[in-house]
1. I'd like the orientation of helix A:6-20 relative to chain A: the angle between its Cα long axis and the longest Cα principal axis, in ° from 0 to 90, rounded to 10.
2. Enumerate the lysines that residue B:203 could reach by cross-link, defined here as Cα to Cα under 21 Å, with residues fewer than 8 away along the same chain left out.
3. If you count, for every residue in B:173-186, the Cβ atoms of partner chains within 10 Å of its Cβ, what is the mean?
4. Give me the three principal axis extents of region B:171-210 from the C-alpha atoms, as integers in angstrom, largest value leading.
5. For A:15, B:185, what's the fewest-to-most ordering of other Cβ within 10 Å of each Cβ?
6. Can you tell which of A:75, A:16, A:32 lies farthest toward the positive end of the dipole of region A:6-83, using +1 and -1 charges on the Cβ of basic and acidic side chains (Lys, Arg; Asp, Glu)?
7. Excluding same-chain residues fewer than 8 positions from residue B:135, which lysines have a Cα within less than 17 Å of its Cα?
8. Could you run the Debye sum over the Cα atoms of region B:100-142, one equal point scatterer each and no solvent, and tell me log10 of I(q)/I(0) at q = 0.15, 0.30, 0.31, 0.32 Å⁻¹, two decimals?
Amino acid sequence: MLEVKYTDVVEKINVFLSEEFEVDKSQITADGNMKEILDLDSLDYVDLVVVIENNFGIKLNSEDFSRIQTFEDFYNYINNRISGK
Amino acid sequence: MSESWKGRSKGRLSGYQFFAFLIKKIGVRSAYYFLKVVALYYFLFSPKAFRTIHYYFRERLQFSKLKSLSSIYQNYVWFGQTLLDKFIIIAGIQNKITFDFDGEHHLHQMAKDGNGGFMISAHLGNWEIAGFLLKRVESRFNILMYENEREEIKEYLNKNYQQDQVNFIFIKQDLSHIFEINNAVKNGEIICVHGDRFIPGSKTFKADFLGKEARFPAGPFEMAYKLKVPCCFVFAVKENDDHYHFFSNTPSIETQSAEHTFNRYVDTLENMVRRYPKQWFNYYDFWGH
């Protein structure tokens with residue numbers, strides 16, 4: 001399996017979050033609160049689930065997702081999932 | 001602006017158990033007669049429900065004063081009958097209930113395609129009957145319910161529905177339902193949800209409905225659109241004491257916008273309501289008049 005660099009994962013996530021939720025990439029910082037900055041409502045989570053599946057081919061589950069607060073949490077979660085950790 | 005539904009269904013478990021007891025002891029036909037007395041009680045002593053349903057008949061449907069009053073009473077009788085019928089079917093009690101299915105083949109096709117989908121209904125007629133009869137369709141159905149609906153009724157329903165074909169997804173604050181819905185759809189399963197009620201704080205769409213602006217939940221339409229799965233509108237209404245008519249339109253995948261599906265839904269619902277006005281079972285201030 002090809003190893004994906006953490007920085008590439010971060011970059012890819014930032015690009016699709018910025019496009020999908022129409023926020024400037026500069027607003028997306030590792031310690032920023034993801035829900036607040038992206039202004040996520042419940043239906044936005046549908047978008048999030050779909051874009052993650054489309055971009056990384058992984059399914060999110062609610063237990064994991066409830067622990068994600070910051071963008072860094074999100075990067076780590078996605079990175080761990082695609083690395084099979 | 002319309003008032004939101006408070007997130008609790010009418011009826012207590014004791015009431016449901018009472019219906020079940022009644023059917024078993026005095027039989028279906030006698031229970032129907034007894035219901036007429038119960039309906040009269042609610043007609044006389046349930047002023048809040050009376051006000052909202054009177055507004056619906058008198059102002060929205062423009063019924064005469066006398067026709068509005070008789071329709072309210074009949075509406076209560078129909079409502080009671082739908083509850084009774086639900087228990088007759090679920091409990092497997094012998095009955096004479098028959099069904100017609102307009103568009104049943106659409107559901108078979110949706111199941112056969114295996115892409116999952118949304119069936120959007122309303123509190124018109126007896127959707128639970130429709131859900132139960134979907135045993136004929138080879139797919140797994142997920143019925144969306146609000147978390148704050150009465151726990152006891154959820155338990156009762158859980159016990160009585162066949163777990164292998166019908167699953168309940170509860171709409172929760174932690175948004176776990178979003179993930180459950182997505183997974184169900186990805187597994188080719190069908191999501192059954194009402195498109196006419198919402199809880200405070202949820203995103204809504206507005207539309208002219210029976211001549212006045214009303215709000216509806218955006219969620220069902222947004223989810224079907226975002227997940228790019230087929231969506232159809234289904235209704236199960238009573239034609240008479242023993243006969244139900246099930247309607248489903250042709251499922252389609254929305255390509256324009258969630259609002260487009262929503263507008264089609266409102267048109268379909270309004271047509272159905274005008275055909276079956278006495279089976280509208282939303283006893284709250286739907287239009288916020």
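Taken together, the values in this text are just the output of simple stated rules run on the coordinates, not laboratory data. It should be emphasised that the depicted structure is a prediction, and the values quoted were computed from it without experimental measurement. Cβ: placed from backbone, ideal geometry, glycine included. Neighbour counts: every protein chain shown.
1. Tilt relative to chain A: about 30 degrees.
2. By straight Cα distance, residue B:203 reaches A:35, B:6, B:172, B:212, B:226, B:228.
3. Details: counts 1, 4, 10, 6, 3, 11, 11, 2, 2, 9, 5, 0, 0, 3.
That average works out to 5.
4. 37, 23, 11
5. Going from sparsest to densest Cβ surroundings: A:15, B:185.
6. Selected residue: A:75.
7. B:86, B:112, B:159
8. Each listed q corresponds, in turn, to -0.36, -1.34, -1.39, -1.42.
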